2 protein chains.
Amino acid sequence: MDAASGERGAGKGAAALWGLDKREMTGHIIVVKANVREQLLDAGLQVLHERGFNATSVQDITEAAGVPKGSFYNHFESKEDLGAEVVLRYLESSNKTQAVLRDPKLSPYARLRKYFEGLVQVAEKKEFCGGCLLGNFGAELSEQSEKIRARVSKEFSTWSAMIAKVIAEAQAEGQISKDVSASTLAAFVLNGWEGALVRARVDKSKFPLEQFVKVTFAKTLAP
Amino acid sequence: MDAASGERGAGKGAAALWGLDKREMTGHIIVVKANVREQLLDAGLQVLHERGFNATSVQDITEAAGVPKGSFYNHFESKEDLGAEVVLRYLESSNKTQAVLRDPKLSPYARLRKYFEGLVQVAEKKEFCGGCLLGNFGAELSEQSEKIRARVSKEFSTWSAMIAKVIAEAQAEGQISKDVSASTLAAFVLNGWEGALVRARVDKSKFPLEQFVKVTFAKTLAP
């Protein structure tokens, strides 16, 4: 993914914990429980993405969310429970970057190219830190948490299908060769992106991402 | 990498801690310090590969090595220190799988194909668990440990060069197109392998690895 969890705010502080009970119009100050849950999810997404699952404590998450530590267990059974929720929010959180895949003004091929170039820009902006939450959780937790593994698998599958759809359109228009199915090409490209992103973090360099874009469009998605 | 840390033994137990002082021929039983260090490295490689860095404690490593916990700090300053050593052993530990890349009886193209098919077999044997230590540490630790990040970068670079050498030979023989440099193709393929391996762990399936081999040889490394 595009390491873009930063699109959602986190750590808004304890001030956001309290709100007026507007429905009842009584003007009484009450604890807005749903909001605490949202704050924990927003902060959890950001902190787990930045530091990884096992290096993050529940306290790290409540501190980032600006809520009391005890409140965590009113909303989540465990860190794993929140981690699994966060996975489902990740693709959604980078919706802005994905919009280009549906841009009707561009050819399917141009949409794919602009999409991956956009992902490179996001990674560069983050100085190649953090990588993709799905890839990170996949590497760190596949054997540790069955719940998170299954969610990551589902999200990868959704993301792959999103890319396969555009590849199929480009194949229909003759912009990409049909000798390999759109779904296989999409999985190959997405997995290759994930690997390139890890290498960019390891090398602290844009180069692996540039190599990825170059070879993907010269070879994998060639006419 | 090929998830093949199992090639080195670990957890040989405390019995291996003691040996006869053969050089001096005195017959006295002494602590064989070098051996404890080796045992810690062997066990560390296996446990860190299986569980990840942050989910593993120093005690997990000493237990797997069958040595007293206190002995750890006689040999390593920290878990990070051992982790960085382990990275340097990882490529070496899968030397058996790499041998095919140097097999003079096969064409360079056939060597590459057999190499990646061999990696798929190793991953399948491990039921797609553990993945690659380099990729795992890259995803988990790139921003946490500068020392480990730099080592992983160096090892990826060595591994990439190993593959690039064979790709260059295949290009010279006309088996792979020369339109993209051997080093760029090697990096792309290696990073793609890493991504496919994470996806295989996430999906608990051989399919992403089969897709990787198929597209790599149909597209990336095509004539």
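The values are calculated or read from the model by the stated rules, or taken from the named source; none is laboratory data. The shown structure was predicted, so the numbers you read here are calculated from the model rather than taken from an experiment. Neighbour counts are summed over all protein chains in view; Cβ atoms, including those assigned to glycine, are modelled from backbone coordinates with ideal geometry. The accessibility values were calculated without ligands, DNA or RNA, using every heavy atom of the protein model including side chains. Shrake-Rupley method; radii C 1.70, N 1.55, O 1.52, S 1.80 Å.
Looking at A:LEU40, is it buried (at least 23 other Cβ atoms within 10 Å of the Cβ) and touching a residue at least 24 places away in the same chain (Cβ under 8 Å)? So A:LEU40 passes the test. The helices (runs of 4 or more DSSP H) found entirely in region B:43-111 that carry 2 or more residues being within 14 Å of chain A (Cβ to nearest Cβ) and touching a helix residue (DSSP H, G or I) at 6+ places or on another chain (Cβ under 7 Å) are B:79-93.
Annotation for region A:169-183: at least one member residue is open to solvent by 20 Å² or more (accessible area, probe 1.4 Å), out of contact with any Lys or Arg (no Cβ under 7 Å at 6 or more places or on another chain), within 16 Å of B:SER205 (Cβ to Cβ) and of a type outside the set (D, E, K, R).
Filter region B:187-221 for residues that are within 7 Å of chain A (Cβ to nearest Cβ) and of a type in the set (Ser, Thr, Tyr) and give the result. The one that is within 7 Å of chain A (Cβ to nearest Cβ) and of a type in the set (Ser, Thr, Tyr): B:THR220. The condition (being closer than 30 Å to B:ARG149 by Cα, over 12 Å from the mean Cα position of the chain (by Cα) and either assigned to a loop (DSSP other than H, G, I, E, B) or at pLDDT below 95 (or both)) is satisfied by just one residue among A:PHE128, A:PHE116: A:PHE128. Got at least one residue in region A:48-59 being farther than 28 Å from A:GLU169 by Cβ, surrounded by 22 or more Cβ atoms within 10 Å (Cβ to Cβ) and of a type in the set (Val, Ile, Thr)? Within region A:48-59 (the criterion being farther than 28 Å from A:GLU169 by Cβ, surrounded by 22 or more Cβ atoms within 10 Å (Cβ to Cβ) and of a type in the set (Val, Ile, Thr)), the answer is no, since none of the residues qualifies.
For region B:122-168, a residue qualifies if it is among the polar types (S, T, N, Q), open to solvent by less than 30 Å² (accessible area, probe 1.4 Å) and farther than 30 Å from B:PRO223 by Cβ, and the qualifying residues are B:ASN136, B:SER142, B:SER145, B:SER153.
Need the failing condition index for A:VAL198 against (1) under 22 Å from B:LYS154 (Cα atoms); (2) open to solvent by less than 10 Å² (accessible area, probe 1.4 Å); (3) among the aliphatic types (A, V, I, L, M); (4) out of contact with any Pro (no Cβ under 8 Å at 6 or more places or on another chain), just the number. Of the numbered conditions (1) under 22 Å from B:LYS154 (Cα atoms); (2) open to solvent by less than 10 Å² (accessible area, probe 1.4 Å); (3) among the aliphatic types (A, V, I, L, M); (4) out of contact with any Pro (no Cβ under 8 Å at 6 or more places or on another chain), the odd one out for A:VAL198 is (2). The one condition from (1) modelled with pLDDT of 95 or more; (2) out of contact with any Lys or Arg (no Cβ under 8 Å at 6 or more places or on another chain); (3) open to solvent by 40 Å² or more (accessible area, probe 1.4 Å) that A:VAL31 does not meet is (1). Entry remark, region A:97-113: residues being buried (at least 16 other Cβ atoms within 10 Å of the Cβ) and in contact (Cβ under 8 Å) with a residue 60 or more places away in the chain number 7 in total. Total residues in region A:167-181 satisfying the condition of being among the small types (Gly, Ala, Ser) and within 11 Å of chain B (Cβ to nearest Cβ): the figure is 2.
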